[in-house]
1. To the nearest 10 degrees, how steeply does helix 136-174 sit against the main Cα axis of the chain, on a 0 to 90 scale?
2. Run the quick spin-label model on LYS52 and PHE71: label points 7 Å from Cα toward the beta carbon, then report their separation in nm to one decimal.
3. Using the Cα centre of region 19-82 as the reference point, and only Cβ charges (+1 on K/R, -1 on D/E), how large is the resulting charge dipole? Debye, rounded to the nearest 20.
4. What longest region of the chain stays clear of trypsin sites (Lys or Arg not before Pro) that DSSP places outside H, G, I, E and B and that have at most 12 other Cβ atoms within 10 Å?
5. Going toward the positive end of the dipole of the chain, with +1 on Lys and Arg Cβ and -1 on Asp and Glu Cβ, which of GLY200, LEU144, ILE219 do you reach last?
6. By how many nm would the segment from ASP59 to GLN182 lengthen if fully extended, with 0.36 nm per residue of separation less the alpha-carbon distance?
7. Under a crude label model (7 Å from the Cα following the beta-carbon direction), how far is SER251 from CYS237 in nanometres?
8. Can you show me the helix-derived [θ] at 222 nm for the chain, built from DSSP H runs with n ≥ 4 at -39,500 (n - 2.57) apiece and divided by the number of residues, rounded to the nearest 500.
Amino acid sequence: MSNINIKPFHSKGYENTELIKVTMNEQGQQLVSGRELHEVLKVQGDFTHWVKKQLENVDAIENGDFTKVVFKNELSKTGQTTHDYILTIDIAKEICMVVGVAPRTNEETRQLSKQVRKYFIQCEKTLHNPYANLSPELQMLIKLEQGQTVLSQRVEEQKQDIVEFKQEFQNFKEEQYIAQAQCKEISNRVKSLGTKLLGGKKNLAYQDSSLRSRVYIDIYSQIHREFGVKSCADIKCKDYSAVFSVIHNYSLPMHLLNDIEYANNQMSLEI
């Protein structure tokens, strides 16, 4: 049991009939003053002798089941100190049980030990179930509300799962290679651009199959370099739309420009 740093704890339903003060430390342990327990049980005899005997009877471990504390007696004018033993509620219950069955215990203390032990049990129940002292109707309403909260949380979790699944599926799709129809669309765009750069189908540059092929090949080569592939079939779906930007921004190299110009000028000379 750690250093004592406690705050009051009240069992619901016992706020106005507190048999003995139950406190709680920072670790959530419920604690009881041994001196107060001695008084509540109306034990006849010295407190220190009694509490040491009881702790010995229940095999209590110091700094685990109980802690010795010393504090200034506020009623003392000479500054005397008072000793106390701070007990865990489990040990306090055991002490009540032992006291209740001890042959020398008077009847009043015997009955009080049963009553206090039941009170400790109720305190523990309240700690673990703060609704224990509510009516069955109120408990049912709270459970319904909690169930609705859990259901809402699960719905939100499922929505998040769907979003994540969609994203994963989208990522999977983007990593796939483009379909044959998409390759065909790229081919059509390349041919359309090549025809335009050659001056149109009626020009000699276009009609020169060798020159036309060289223009198409150079456009394809530019695409392949941009995406690090050997053919358009190796392009991934995520890059498909970017292919058309490459085609749109393509420029003929100088040697092809010269060859196209020369071929088309030959047509002018023939006319």
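1. Helix 136-174 and the main axis of the chain meet at about 30 degrees.
2. With each label point 7 Å from Cα toward Cβ, the separation is 2.2 nm.
3. It works out to roughly 280 debye.
4. 105-200
5. Projecting each Cα onto the dipole axis, the largest value belongs to GLY200.
6. Result: 36.1 nm gained on full extension.
7. Calculated label separation equals 3.5 nm.
8. Calculated at 222 nm, the ellipticity per residue is -19500 deg cm²/dmol.
The values are calculated or read from the model by the stated rules, or taken from the named source; none is laboratory data. This structure is a prediction, so every number in the text was calculated from the model and none was measured. Cβ: placed from backbone, ideal geometry, glycine included. Neighbour counts: every protein chain shown. What goes into the accessible areas is simple: the full protein's heavy atoms, side chains included, and nothing from ligands, DNA or RNA. Shrake-Rupley method; radii C 1.70, N 1.55, O 1.52, S 1.80 Å.
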